[in-house]
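Student: Got a structure here, written out as structure tokens. Questions coming.
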Amino acid sequence: MRSDLVTVVVPTYNERDNLPHLAAAIRLHGYRLLVVDDASPDGTGTVADAIAAPDPLMDVLHRRIKEGLGPAYAAGFDQVLAGPSEVVIEMDGDFSHNPADLPRLVAAVEVDGADLAIGSRYVAGGATPDWPAHRRFLSRGGNRYVRLMLGIPIRDATAGFRAFRSEALRALPYRAAQASGYGFQVEMAMRAHDAGMRVAEIPVVFRDRTVGTSKMNGAIVREAMWLVTRWGVTRRLGRAPAAAA
């Protein structure tokens, strides 16, 4: 597959210090890059425009308000799927995901036939070396809860580093996702599994950001836990969770 048939979508909010280095590392692979900026008050959008100006394979999508991860990805997916890309990758903007791992995710789709390849912290070879014990416990516990409630075998359904085959992504109801925060990742993994898509987990080492501040907060966690619980109860009652109208 030609490298320009792969697009990496990076949602940003206040990532002006990380973005220049991240964009350069992604573009080294020859992949297209779409930055989706939610009106960052620190000027991330302006920085993105400056980087993209001389680069025909980098685009910037400016959103007027901060609505959360799910709507940002949905807007980015709409733009990418209108073009020629055959693989669409999700990636955080803070270097917690290593750009050197991008070709491994692409290969899982292109060579191994996955519809969704997840960069997983919780399969053999995956790791979170910078995390304190309590954070590992909470993250692993959350993923165990997802598996228990939803009955899906994915070990890292909350992971935000993943690659979709374009045809598979088009078939998923991402525009109608119920989750706006990181629960969006769980929802898309669940729906891919329910649709009978092939989901592969590729081990990655997840590093904590060294620049900027995390966007994770209690409201995002509560939304994800509530939705997973509701979806789980619905499944036990014999009904598939419906996408939002």
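Student: From ALA171, ALA177, which residue is modelled with pLDDT under 95 and within 28 Å of PRO99 (Cβ to Cβ)?
Tutor: Going through ALA171, ALA177 in turn, the sole match is ALA177.
Student: Looking at (1) modelled with pLDDT of 95 or more; (2) open to solvent by 20 Å² or more (accessible area, probe 1.4 Å); (3) not in a loop (DSSP other than H, G, I, E, B); (4) not aliphatic (A, V, I, L, M), which is the only condition HIS134 fails?
Tutor: (1)
Student: Hey, another quick one. What number of residues in region 137-160 are open to solvent by less than 60 Å² (accessible area, probe 1.4 Å), in a helix (DSSP H, G or I) and either among the aliphatic types (A, V, I, L, M) or touching a residue at least 40 places away in the same chain (Cβ under 8 Å) (or both)?
Tutor: Qualifying residue count for the region: 4.
Student: If you don't mind, there's one more thing I want to ask. Look through ALA179, ALA189, ALA114, ALA163 and report the one residue that is open to solvent by less than 20 Å² (accessible area, probe 1.4 Å), assigned to a helix (DSSP H, G or I) and aliphatic (A, V, I, L, M).
Tutor: The conditions single out ALA189.
The values are calculated or read from the model by the stated rules, or taken from the named source; none is laboratory data. Just so we're clear, the structure is a prediction, and the values are computed from it rather than from any experiment. Note: ideal-geometry Cβ built from the backbone for every residue, glycine included; neighbour counts use all protein chains shown. Side chains are part of the model used for accessible areas, which takes the heavy atoms of the whole protein and leaves out ligands, DNA and RNA. Shrake-Rupley method; radii C 1.70, N 1.55, O 1.52, S 1.80 Å.
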